[in-house]
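Structure, as structure tokens:
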Amino acid sequence: MLRLALRMLLRDARAGELRVLALGLVLAVGGIASVAFFADRVRQALTREAHQVLGADVLMTADHAWTPEFRDEIARRGLSRAESMNFVSMARAGNETLLAAVKAVSPGYPLRGKLRIAPGLNVPDSDTDAVPPRGMVWLDERMMAALKVGQGDAIEVGRARFRVGAVLTLEPDRGVSFMNFAPRLMVRLEDLPATGLVQPGSRINYQLLAAGEREGIRQFEQWARARLGRGERIDSLENARPEVRAGLDRAQSFLGLTAMLAVVLSAVAIALGTRRYTQRHLDGYAVMRCMGASQSQLFALFTWEFLWLALAASFAGCVLGFGVQTLVAWWLAALIPGTLPPPGLSPVWQGAATGFVLLLGFALPPLLQLKEVPALRVIRRDVGPPRQGALAVYIMGLAAVFGLLLWHAGELNLASYVFGGFAAAFGLFAAIAYGALRLIGRFGRTGSVSWRYGLANLLRRPHANAVQIVAIAVGLTAILLLTTIRGDLLDAWRERLPPDAPDRFLVNIQPEQRQALSEFLERNGVERLQAFPMVRARLVAINGKPVGAEDYSEERAKRQIEREFNVTYLSALPADNKLTEGAWFGAGDLARGAVSIEHWIAERFGIRIGDTLEFLSAGRSFSAPVTSVRTLDWGSMRPNFFFITTPALLESFPASYIASFHAPAGDALLTLRLSQAFPNLTVIDVSVILRQLQFVMDQLIGAVQLVFLFALGAGVLVLYAALLATQDERTHEAAVMRALGASRAQVLAAQRAEFAVLGAIAGLLGSFGATAIGWTLATRVFQLDFIWDGWVWLAGPALGLACVVLNAWAGARAALGRPPIAALREAS
Amino acid sequence: MQDISLEVMPGEAVAIVGASGSGKSTLLGLLAGLDTPNSGQVQLDGADLFGLDEDGRAALRARLLGFVFQSFQLLPALNAVENVMLPLELAGEAGAADRAAKMLSRVGLGERLRHYPKTLSGGEQQRVALARAFVTQPKLLLADEPTGNLDAATGAGVIELMFEMNAEAHTTLVLVTHDEAIAGRCRRKIRLVAGRIDGEG
């Protein structure tokens, strides 16, 4: 049986019976495998890239020195290790003194990413693997400018004297943390004791860095987490750099979505292919029954044939997927620093499992139906085939698709949107297709013979034609989604970080400086300056009950509740913030006073709408009820606030301002001039980080585009399968028309009329579907602004018309190229 | 169908004739166990056909029957020799390829083993069907209008071949036709009118 099934498979394959089925499977498996391969490797590479912002794979921070236990464990596990100590201290050069953020580092720091240094201010910088040599310090640009020193000049830190070795232009792990306000002074760890600054009670931040291969790191992190004591924490990517996290998540969603699209489309192609396959094998099945094959024997035969097919297609798909991802990796090699980690084997299983589930989900029900085919069909043509296309038949297939979506998306939300979107589209498409066909039946009875005959053909098999319209529409939806709308979605993503996104933050602006500052910036070509008042306040009570570190078990909560929050007051909701609960300040709130709170903070401290919060700022307290909960956009590079109050509540408190702006290109000295003109201001330059983000985004988008090709291929295949679906019948009809004396021109015109209507309906539906799905994805899944695209509405019908007309031409030529009797005989 | 009573002896050749819609094909379907009657029975080589389940009837068909159809019913994805091999393969018999090739030579298609049905003429396709029917050495050959889709000259050639092979293999033949000339070549002729036997001769 196994061997016979294999022989039957080879025979069917040779005769071209399996083209659509096999291609559908190969594309599904290939798409899934390549996305999985690729996602696996790129995710690893990106994670590594993203780890630069920690300077390590694992970054451990404590307010006291780390015990040798942790250090030894890193060494014992064969991981690389570095250490740093951070504190704030005065630095002196000549007559100038300045509060510096001192970072003492061990050789090897940073373990991920590289420091960049320059020999002087405004001199090109370059990567370095070194740390400051003994007796030397590296200063950042602000510090060099403020202390008025250059390379080789002397500088005093504590009791020790150093020489300035270089300008430190980039620390990969510096981030945007507001803790890093003071300018940087970097020194070698061994030189630190000489300064005498490390005393019992000094506020020093001890960092332990570890890096190595993935599994070792994972195990070490697990080991270390279980042993963390008070004041010790492990920074992970999630809480270190939310803006990088957001980009990664979005890219993974895009990739996952692409894979899912390939799955759904391939499922449609496979469903169509199976339908055609079973229809073409009905007679063969009946003949074999006449030859004495039992139902169970035939069921086994076809099932095994399909299993062989799944095996072969899965193998081909995996090879294809591996090839494509190799190509992608090679293409990305220029973009991703270092070598990509090798791909694992899991994508092979993922791809193969997808192939088997899809094929069995869609092929088994029709195969089971084949059992119902009466053998009598071979002598009595009026004994029909079993009813096809009933929803029940495809429930297994639909379940299979949903299962796969869930598996590949890894989250219910996205999978549900995609599945629901396609299911709704199918239903709607089918309803509209039937409706349109009926409408044509009622009103489309005029015109030439060919036109009327063509339309009559449409109506003669409304079921098959509706299926065809839906399939073509789905194929077109995918193609449009992947061409036009995809571009729009990616543009919307890029829009999040436009080239003129704010790249400088100004902190500590005094109220009386605001006017002078904005004039200064305007003179220097800065167009938009956004400033927010900022009051530092501690949260001291919730609903009258005092709160403190002891009320919370989470380390971060403990830290936050003991510190001051930056609270701002505004009457309008910031553009990037979205309300998740409650309502923004109304007139009543503005008069009475109210607080709007960030979603995660609300969760962390157990704060709900209606709770009254009491804050303490500069010895005075204020309190107000919570009236709304917001989510922030960490990718926006704008100042974000956990707490926003109504203006009246805070206006009397001492406030400084925080502002962000985009520095005009080519003005490298603006930051320097700004610090000189307003010495009290802290200028935070995030342009490097921003560039890094934009770079990551660009390479992600490029990679996503490449993987989109798979889904596109699947979309085209659906079109092909849909057009094949009724080809046998059309060939037969063309022959009948010819036999009845119709001219070639008349046959062609009739088919063109039929296909023109089919194509136009399907094309419009495709445009509609692509727009609807694009909108849903943009607004619901990716949280992007949807950009309307008029071209879709032209491209859809045009594509629909083009492909069906082309098909009609090719199909009719096949039918017309031979004597009618040949076509009739074959179709009988 | 009503009042059908009929006995066919081994080696006999029986023609069932009648106009379109007279029930010829229905009777053939019942004889082969492809259809089930409301009442009545069919005995095939001593076995009660409708006392068996569908798979039992299938097994009986595999052992005893060969079929020739009006519309040939070759599998389009299989070439000539593969079509002839199919019943042997389904029965799990050895040497299918050799036996099929031999049988195709017997029907004069030894040179066209690898041709697909769509590249064969109607007469050639029906000869492949004959080879397929005889390759299992059936005891009973059921032929349903074997010349219905062929022109007169080709049809005559196919009929000639069928009777020759039938005689060589001593097969019992039940032939449904509306062609009196072909029916005349059978020893018995059963005429159906509106679902009843309307005489025998």
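FYI, it's all coordinate maths here, none of it is from the lab. All of these numbers come straight from a predicted model, not from anything done at the bench. Using ideal geometry, Cβ is built from the backbone for each residue, glycine included, and neighbour counts are taken over all protein chains shown.
Answer rounded, prolate or oblate for region B:81-173, using the Cα gyration tensor with square roots of eigenvalues a ≥ b ≥ c: rounded when a/c is under 1.5, else prolate when a/b is larger than b/c, else oblate.
Verdict is oblate for region B:81-173.
Is the shape of region B:13-200 best called rounded, prolate or oblate, per the rule: a/c under 1.5 gives rounded, else a/b larger than b/c gives prolate, else oblate, with a ≥ b ≥ c the square roots of the Cα gyration tensor eigenvalues?
Since a/c reaches 1.5 but b/c is at least a/b, the shape of region B:13-200 is classed as oblate.
Tell me the mean residue ellipticity at 222 nm calculated for the protein assembly as shown from its helices only (DSSP H runs of n ≥ 4, each -39500 (n - 2.57), averaged over every residue, nearest 500).
-17000 deg cm²/dmol
On average over all directions, what projected area in square nanometres does region A:719-765 have, based on the convex hull of its Cα atoms?
The Cα convex hull of region A:719-765, projected and averaged over all directions, gives 3.4 nm².
I'd like the Kirkwood hydrodynamic radius of the protein assembly as shown, using the inverse of the mean 1/r over distinct C-alpha pairs, in Å.
35.0 Å
Report ³J(HN,Hα) in whole Hz for each residue of region A:284-292, in order, from the Karplus equation J = 6.51 cos²θ - 1.76 cosθ + 1.60 where θ = phi - 60°; Gly and Pro get x.
Each residue's phi maps through the Karplus curve to give x, 4, 5, 4, 5, 4, 4, 6, x Hz.
Could you go through region A:455-467 in sequence order and give the Karplus-derived ³J(HN,Hα) for each residue, using 6.51 cos²θ - 1.76 cosθ + 1.60 with θ = phi - 60°, rounded to whole Hz, and x for Gly and Pro?
Once θ is set to phi - 60°, the couplings for region A:455-467 become 5, 4, 4, 4, 7, 5, 10, x, 5, 4, 5, 5, 4 Hz.
Under a straight-distance cross-link criterion of Cα-Cα below 19 Å, which lysines are reachable from A:LYS558, leaving out those fewer than 8 residues away in the same chain?
A:LYS545
With a/c under 1.5 counting as rounded, go ahead and sort region A:529-661 into rounded, prolate or oblate using the C-alpha gyration tensor (a ≥ b ≥ c being the square roots of the eigenvalues; past the cut-off, prolate if a/b is larger than b/c, else oblate).
Rounded, because the longest to shortest axis ratio a/c is under 1.5.
State the Kirkwood hydrodynamic radius of region A:56-240 in Å, one decimal place, computed from all pairs of distinct Cα atoms.
Working: mean 1/r = 0.0584 Å⁻¹.
17.1 Å is the Kirkwood radius here.
Over the protein assembly as shown, what is the percentage of antiparallel beta bridges among all DSSP beta bridges, to the nearest 5?
Taking every DSSP beta bridge within the protein assembly as shown, about 70 percent pair in antiparallel fashion.
Hey, fewest Cβ within 10 Å first, where do A:SER266, B:SER5 land in order?
B:SER5, A:SER266
Return the lysines within reach of A:LYS103: Cα separation strictly under 21 angstrom, same-chain partners fewer than 8 residues apart disregarded; answer none if there are no such residues.
In chain and number order, the partners are A:LYS114, A:LYS148.
Please report the antiparallel percentage of the DSSP beta bridges confined to region B:13-200, to the nearest 5.
Counting only bridges with both partners in region B:13-200, antiparallel ones make up about 20 percent.
Within straight cross-link reach of B:LYS189, meaning Cα distance under 16 Å, which lysines are found once same-chain residues fewer than 8 apart are removed?
Qualifying lysines at Cα under 16 Å: B:LYS24.
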